Amino acid sequence: MQSPTNSFDKISPTALMVAHVRQFTDIPYSKEIAQLVNAQAVVEQLLENSSNRPVEVGVYIEGRYKFINKLIAQSQATQIIELASGLQPRGMIMTENPDIIFVESDLPGILTQKQELIQKLIGNRPNYKFIPINVTSVPSQFPLDANYLNTQKPVVITCEGLMMYLTSAEKQLVFKNIREMLEIYGGMWITSDFNSKTEIENIRKISPSLQHFTQIASNITGRNLDDYLFHNFDHVKQFASEQGFDIESYSKVDILNELTCLEPLNIDFEIAKSMLANAFVFVLKLKNSNPQ
Ligand SMILES: C[S@@+](CC[C@H](N)C(=O)[O-])C[C@H]1O[C@@H](n2cnc3c(N)ncnc32)[C@H](O)[C@@H]1O
């Protein structure tokens, strides 16, 4: 059964929390975006003068963004669809290459706000498309038959910071919608979003302040994120397999030396290293699909 859209709209403000953290990295446009949406003021309000600032989440946010970029580049795909893009600048950077078609999507409210920001920062680009997509929608709102996509070329579908907010039933709908896309175009789904209890428990031992970030996100969204975790990677694998996917996981530790948020956020290198060693990015392909 589908959840009402306004239940998802409560998740959209979390995009501001992420945009706020991203400004402490060297990711292009992050500072401009955070300023334009006044992310600082929103985050101050959410933290309510708390001294327990979950700054170490920066390791995750920068790590997943850069690692996913690496895997997209390795795929050599030229058709990219980003789900739940929030205030993420990936599309603005990737569309500098005119050979890339980048489809940016999120719920309609935040997508309109994002389009206005992009208009201010870079203007229009013919290879940059904006499509409102509720990822759980039935029937699908994905571009199954879009004249700007080529069915002879694979797509990479990507999302970060989305699936952890969804119930198991909602996750199944996302898998179904992505499966339909990959059946038409081929390609893969690259995401950091399958958190498991084992992984999170290890990371909270290393960085207790992360619990605080989860608590804030749960309060804003009215969704208890700890209830939506997978048990462990075997559980993720089994779930993906039941939805028709093979899944591979990659440790984010490989991105450690590219992190730029450690100094501005005053994060210890060894803590960042241990956090990334316990965090993963996943590549999912349809079972029995041709290797690409
Ligand atoms: C934590 S933010 C992450 C945003 C962005 N990916 C980033 O990393 O900065 C979660 C995003 O999920 C989007 N979202 C929530 N429910 C959704 C749904 N059912 N369909 C599409 N997007 C959804 C929100 O609007 C929000 O932009």
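Note that the stretch 130-143 has calculated 3J(HN,Hα) couplings of 10, 10, x, 9, 8, 4, 9, 5, 10, x, 4, 9, 5, x Hz, one per residue in order, obtained from phi through the Karplus relation 6.51 cos²θ - 1.76 cosθ + 1.60 (θ = phi - 60°); glycine and proline are x. Sequentially through the stretch 272-286, phi angles give Karplus couplings (6.51, -1.76, 1.60; θ = phi - 60°) of 4, 4, 5, 4, 5, 5, 9, 10, 9, 10, 10, 10, 10, 10, 5 Hz, Gly and Pro residues having no value and appearing as x. Can you tell which of Val59, Val43, Val135 shows the greatest fluctuation in a Gaussian network model of the chain with Cα springs below 10 Å? Among Val59, Val43, Val135, the largest mean-square fluctuation in the Gaussian network model of the chain belongs to Val43. Determine the distance separating the Cα centre of the stretch 150-201 from the Cα centre of the stretch 94-124; give it in Å without decimals. Answer, in whole Å: 20.
Max-minus-min Cα coordinates of the stretch 20-91 on each principal axis give 45, 23, 21 Å, with the largest extent listed first. Scaling against 2.2 N^0.38 Å puts the C-alpha radius of gyration of the chain at 0.94.
Taking Cα pairs under 8 Å and at least six residues apart, what relative contact order does the chain come out at, in percent?
Numbers: 452 pairs, mean separation 67.6, N = 292.
In percent, rounded to a whole number, it is 23.
Over the chain, with a Gaussian network built from C-alpha contacts below 10 Å, which listed residue (Val138, Val55, Val18) shows the highest mean-square fluctuation? Highest fluctuation of the listed residues: Val138. Computed from phi, the 3J(HN,Hα) profile of the stretch 106-119 under the Karplus parametrisation 6.51, -1.76, 1.60 (θ = phi - 60°) reads 6, 5, x, x, 6, 5, 5, 4, 5, 4, 5, 4, 5, 4 Hz, with x in place of Gly and Pro. Using a simple spin-label model with pseudo-atoms 7 Å out from Cα toward Cβ, Asp26 and Leu47 lie 2.4 nm apart.
Protection proxy ranking, highest mean first, for peptides 183-195, 116-128: 183-195, 116-128, where packing is the per-residue count of other beta-carbon atoms within 10 Å, averaged. Counting only protein heavy atoms and a 1.4 Å probe, the stretch 5-286 has 42 square angstrom of accessible area per residue.
Only four residue types carry charge here, +1 at the Cβ of Lys and Arg and -1 at the Cβ of Asp and Glu. Report the dipole size of the chain about the Cα centre in Debye, rounded to the nearest 20. Don't jump to the answer; show the numbers that get you there.
Numbers: 25 positive and 32 negative charges, 55 e Å.
Dipole size: approximately 260 debye.
So what is the calculated 222 nm ellipticity per residue for the chain, using -39500 (n - 2.57) for each DSSP H run with n of 4 or more, over all residues, to the nearest 500 deg cm²/dmol? Counting only the DSSP helices, I get -13500 deg cm²/dmol.
With a ≥ b ≥ c taken as the square roots of the eigenvalues of the C-alpha gyration tensor of the stretch 85-170, please select rounded if a/c is under 1.5 and otherwise prolate if a/b is larger than b/c or oblate if it is not? Before the final figure, lay out each step's value.
Details: a/c = 1.83, a/b = 1.24, b/c = 1.48.
Oblate shape, in that a/c is at least 1.5 and b/c is the bigger or equal ratio.
The values are calculated or read from the model by the stated rules, or taken from the named source; none is laboratory data. Every value quoted in this text rests on a predicted model; they were computed, and no experiment measured them. Don't worry about glycine lacking a Cβ; one is built from the backbone with ideal geometry, like all the others, and counts go over all protein chains shown. These accessible areas exclude ligands, DNA and RNA; they are computed on the full protein's heavy atoms, side chains included. Shrake-Rupley method; radii C 1.70, N 1.55, O 1.52, S 1.80 Å.
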